[in-house]
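The next block holds one structure in the form of structure tokens; read it before the comments.
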Amino acid sequence: MAIRPIHISQPQDLQLVGQALQATAKSYSPYSHFEVGAAVRMEDGRVFSASNQENAAYPACVCAERVALLYATANSDSRPECIAIVAKNAGRQTLQPVTPCGECRQVLREMELRYHAPIRILMCGAGQCLEADSAADLLPGEFSSDQLAR
Ligand code: THU
């Protein structure tokens, strides 16, 4: 199903969103001042959280989602099951949810294909949260490895 509003009430989800919010404290964002936090829950229950890390050479900036996801899969035998994403602007959580950029959607989707399982995506602003059951819902017309063989 497509991306849709959700009221976060499950303790596991509340905790994951809280961990994403905590992760914004380590954001390195002197250029955008946009502090993004992501928390990835693995199937084994372990959580890896991270924040966006910027660079004076702007294309070298890395989103919170990719820092968290790639660190998680580089350090765990388990698979990503759910990711929570939040952001702060001028020190306050954005009212509206922040949704992953195209490059992060591509990385999320490759992980679903790699582990043969969907990743639930929670995007939480202070005023509204959105949920997607799979990165596939965020990436219609995706590029994937089967196209490399064409
Ligand atoms: N950013 C993220 O970390 N995740 C997103 O989903 C959107 C954007 C970061 C990249 C950059 O450091 C800052 O937010 C502004 O684009």
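Any read-out appearing in this document is the output of simple, stated calculations on the displayed coordinates, not a laboratory observation. Please read these numbers as outputs of a predicted model, since none were measured by experiment. Note that each Cβ is placed from the backbone with ideal geometry, even for glycine, and that neighbours are counted across all protein chains shown.
Per residue of the chain, the DSSP helices (runs of n ≥ 4 H) give a summed -39500 (n - 2.57) that works out to -8000 deg cm²/dmol at 222 nm. Given a Förster radius of 35 Å and the C-beta distance between Gln128 and Leu148 as r, what FRET efficiency does 1/(1 + (r/R0)^6) yield to the nearest 0.05? Computed FRET efficiency for Gln128 and Leu148 comes out at 0.35. Summing charges over all other residues whose Cβ lies under 12 Å from the Cβ of Ser32, with Lys and Arg as +1 and Asp and Glu as -1, gives -1. Over all directions, the projected convex hull of the C-alpha atoms in the chain averages 9.4 nm² in area.
If you take every DSSP beta bridge whose two residues both sit in the chain, what share of them, in percent to the nearest 5, is antiparallel?
Roughly 85 percent of the DSSP beta bridges within the chain come out antiparallel.
Sorted on the mean count of surrounding Cβ atoms within 10 Å across their residues, most packed first, peptides 83-90, 3-10 read 83-90, 3-10. Cβ distances below 4.7 Å define possible disulfide partners, and in the chain the cysteines left without one are Cys61, Cys63, Cys82, Cys101, Cys104.
Each of Arg105, Arg46, Arg150, Arg120 was scored by other Cβ atoms within 10 Å of its Cβ. Listed from fewest to most, they are Arg150, Arg46, Arg120, Arg105. Centre-to-centre separation between the Cα atoms of the range 9-23 and those of the range 84-135: 13 Å.
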